[in-house]
Amino acid sequence: MKTTDKIIQLLKLHGPLTAKTLAEELALTTMGVRQHLQALEDAGDVDIEDRVEGRGRPTRYWGLTEQSRSHFADRHEELTVQLIDSVKMIFGDQGLDKLIDHREQSALVQYRAAMKGATDIPTRLAILAKLRSNEGYMATMEQVDGVYFLLENHCPICAAATKCLNFCRSELQLFQQLFADIAVVSREEHIIEGARRCAYKIEAIPH
């Protein structure tokens, strides 16, 4: 993988980073990383943000632009949108809802089978993050002050979800069903609404 591709991957996973942080992650010199960042900026894939952090000069952060999404191509984007239009035209909105519900139920069966025996949030969430990453969502999990998060840094069905928000509603419902006995799941960040990623909060149900 080219260095510029590695930089794009890191920025996709972690959000805006400094050249120094990127250099440490890639075991390169800060000067070398800056040259790659400059090339990415010239190509329109990254932009800069100077943040004031305490005294002294602002710290420069590099983040991905909207254009950079082309590096994470959606699966058969055009065909997907055409199929959604066709289903709505032939079967109506109810037909499309049935299709989305069927997709949700199929995923529920598959995910539950993979989670068999996983009774706690971290174990279940780790399995879910792996399953979602395998499907192209670049998913990771985090724990902050006892609350867990599923972070999806890419949406491989972005074109379909933009065309029909019920795909997003269905995915949230899917996660809620998977944790219904032990946790409450809510969506905190949403790519479709302009966020960098989709973030789901998983909070344990108090006993």
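The values are calculated or read from the model by the stated rules, or taken from the named source; none is laboratory data. Fair warning: this is a prediction, and the values are worked out from it, not measured in the lab. Neighbour counts run over all protein chains shown; Cβ positions are idealised from the backbone, glycine included. Surface accessibility is based on the protein's heavy atoms, side chains included, excluding ligands, DNA and RNA. Shrake-Rupley method; radii C 1.70, N 1.55, O 1.52, S 1.80 Å.
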If you place +1 on the Cβ of every Lys and Arg, -1 on the Cβ of every Asp and Glu, and leave all else neutral, what size is the dipole of the stretch 4-87 about its Cα centre, to the nearest 20 Debye?
540 debye
Provide V147, V185, V52 ordered by accessible surface of protein heavy atoms (probe 1.4 Å), highest first.
V52, V147, V185
Roughly what angle does helix 166-178 make with the longest principal axis of the chain, taking Cα atoms, 0 to 90 degrees, to the nearest 10?
80 degrees
Kindly rank 157-168, 3-14, 26-37 from highest to lowest mean number of other beta carbons found within 10 Å of each residue.
157-168, 3-14, 26-37
Please name whichever of L64, V52, L10 sits farthest to the positive end of the charge dipole of the chain, dipole taken about the Cα centre and charges placed at Cβ: Lys and Arg +1, Asp and Glu -1.
L10
Accessible carbon and sulfur surface of the chain relative to its total accessible area, %, 1.4 Å
53 percent
Calculate how steeply helix 3-14 sits against the longest principal axis of the alpha-carbon atoms of the chain, using the helix alpha-carbon long axis, and give the answer as 0 to 90 degrees to the nearest 10.
60 degrees
Given that just one value was derived from the coordinates, which of [x] 23, 20, 17; [y] 31, 20, 17; [z] 34, 24, 14 is semi-axes √(5λ) of the Cα gyration tensor in Å?
[z]
Extension gain (nm, one decimal) between T119 and R196, 0.36 nm per residue minus Cα-Cα:
24.6 nm
Taking 0.36 nm per residue of sequence separation and subtracting the Cα-Cα distance, how much length would be gained by fully extending the chain between F91 and A180, in nm to one decimal?
28.9 nm
Taking the full set of protein chains and a 1.4 angstrom probe, give the accessible area of Y200 in square angstrom, rounded to the nearest 10.
0 Å²
So in the chain, which Cys have no other cysteine's beta-carbon sitting under 4.7 angstrom from theirs?
C164, C168, C198
Could you give the length gained on full extension between R55 and L10, defined as 0.36 nm per residue of separation minus the Cα-Cα distance, in nm?
13.4 nm
The chain: angle of helix 77-114 to the longest principal axis, Cα-based, in degrees nearest 10
90 degrees
Going Cα to Cα from K201, which lysines come in below 26 Å? Please leave out same-chain ones fewer than 8 positions away.
K12, K116, K130, K163
Per residue, how large is the accessible surface of the chain? Use a 1.4 angstrom probe and give square angstrom.
58 Å²
For S70, solvent-accessible area (1.4 Å; no DNA, RNA or ligand), Å²
90 Å²
Treating only the Cβ atoms of Lys and Arg (+1) and Asp and Glu (-1) as charged, compute the dipole magnitude of the chain about its Cα centre; round to the nearest 20 debye.
380 debye
